[in-house]
1. Residue by residue through region 1-46, note down the ones that are within 14 Å of residue 71 (Cα to Cα) and among the small types (Gly, Ala, Ser).
2. Scanning for something at pLDDT below 85, outside any helix (DSSP H, G or I) and not polar (S, T, N, Q), does region 110-123 turn up at least one residue?
3. Looking at residue 71, is it in the same structural domain as residue 10 (by TED's automatic domain parsing), at pLDDT 85 or above and closer than 22 Å to residue 4 by Cβ?
4. Just the residues that are of a type in the set (Gly, Ala, Ser) and surrounded by fewer than 17 Cβ atoms within 10 Å (Cβ to Cβ), please, taken from region 48-97.
5. Identify the residue in region 138-170 that is among the small types (Gly, Ala, Ser) and in a helix (DSSP H, G or I) and, among all such residues, is nearest to residue 121 (Cα to Cα).
6. Take residue 154 and decide whether it is in contact with a strand residue (DSSP E or B) (Cβ under 7 Å, 6 or more places away or on another chain) and free of Cβ contacts under 8 Å to residues at least 24 places away in the same chain.
7. Tell me which residues, restricted to region 165-183, are crowded, with 17+ Cβ neighbours inside 10 Å and more than 19 Å from residue 92 (Cβ to Cβ).
Amino acid sequence: MQLFVDDNQVQILPEWETMNDILYGSIKDILPEGRLIKKIDVNGNDYSELMADSDKSKAVILSEGDKIKIKTMSHEEMLDGSINSVILFFNEFKKGIDKTADSIRWGNYSGGFTDFAGYLTGLSVFIQIMDKIAQFTKLDYHNIIYKGKSVQAHFSDLEKILSSIMTTQKDADYTLLTDIIEFELKPNIDIWLGIMEEMKKNLKLQ
């Protein structure tokens, strides 16, 4: 078995039997100081998903002929990628909002909600990303102001809108639901796009 980190070959340890042994055991000793994993390649196949799934990494049994390549990135690159992925998500979300509103307006409730549910799941991922950004940069969202309000207050606004959506959906008040989606959620997404662009600029992530 061969293991390369940023094209530099790393010594193989005899106790390595699965990818879990590497990623969740020895990885700190393998990576250069201040670097994070960007991509994992095993025999020419992308296994980057193993970084977020310990169980799957245990299922990847290592063999003598395996060639593993790990690419790393700086914290700045990680933050840049995270912010860019959020901006991309919100731009797609805006398109999805229009599609959902049109579907509900025309009585296609199941179709509209199916698409919309995926975007709501994406919002939970967005919150996780924002938490990680705050941890790495030691930001306090109470102290970051955008359009006269703290980012933490904007989080509260988003939470209230999502709560209203859940309530109207439960009550099957589809007219009100469409109004909330179009006239409250969509403008709020525009606010978050602005926040992310400002954060990218202020963190010098170009």
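The values are calculated or read from the model by the stated rules, or taken from the named source; none is laboratory data. None of the values given here were measured: they were computed from a predicted structure. Cβ sites come from the backbone with ideal geometry, for glycine too, and all protein chains shown count toward neighbours.
1. 34, 44
2. No, every residue in region 110-123 fails to be at pLDDT below 85, outside any helix (DSSP H, G or I) and not polar (S, T, N, Q).
3. Values: in the same structural domain as residue 10 (by TED's automatic domain parsing): no; at pLDDT 85 or above: yes; closer than 22 Å to residue 4 by Cβ: yes.
So residue 71 does not fit the description; no.
4. Step one: of region 48-97, the residues of a type in the set (Gly, Ala, Ser) are 48, 52, 54, 57, 59, 63, 65, 74, 81-82, 85, 96.
Scanning region 48-97 gives 48, 52, 54, 59, 63, 65, 74, 81, 85.
5. Within region 138-170, the first condition is being among the small types (Gly, Ala, Ser), and the residues that meet it are 148, 150, 153, 156, 163-164.
After this cut, where a residue has to be in a helix (DSSP H, G or I) as well, the list is 153, 156, 163-164.
Details: 153: 21, 156: 18, 163: 14, 164: 16 Å.
Only one residue fits best here, namely 163.
6. Working: in contact with a strand residue (DSSP E or B) (Cβ under 7 Å, 6 or more places away or on another chain): yes; free of Cβ contacts under 8 Å to residues at least 24 places away in the same chain: no.
Spelling it out, it is not the case that residue 154 is in contact with a strand residue (DSSP E or B) (Cβ under 7 Å, 6 or more places away or on another chain) and free of Cβ contacts under 8 Å to residues at least 24 places away in the same chain.
7. Once the filter is applied, which keeps residues that are crowded, with 17+ Cβ neighbours inside 10 Å and more than 19 Å from residue 92 (Cβ to Cβ), region 165-183 yields 168, 169, 177, 178, 180.
Yes/no per residue for (1) over 24 Å from residue 83 (Cα atoms); (2) touching a residue at least 24 places away in the same chain (Cβ under 8 Å); (3) touching a Phe, Trp or Tyr at 6+ places or on another chain (Cβ under 8 Å):
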position: 149; (1), (2), (3): no, no, no
position: 158; (1), (2), (3): no, yes, yes
position: 164; (1), (2), (3): yes, no, no
position: 170; (1), (2), (3): yes, no, no
position: 177; (1), (2), (3): yes, yes, no
position: 180; (1), (2), (3): yes, no, no
position: 187; (1), (2), (3): no, no, no
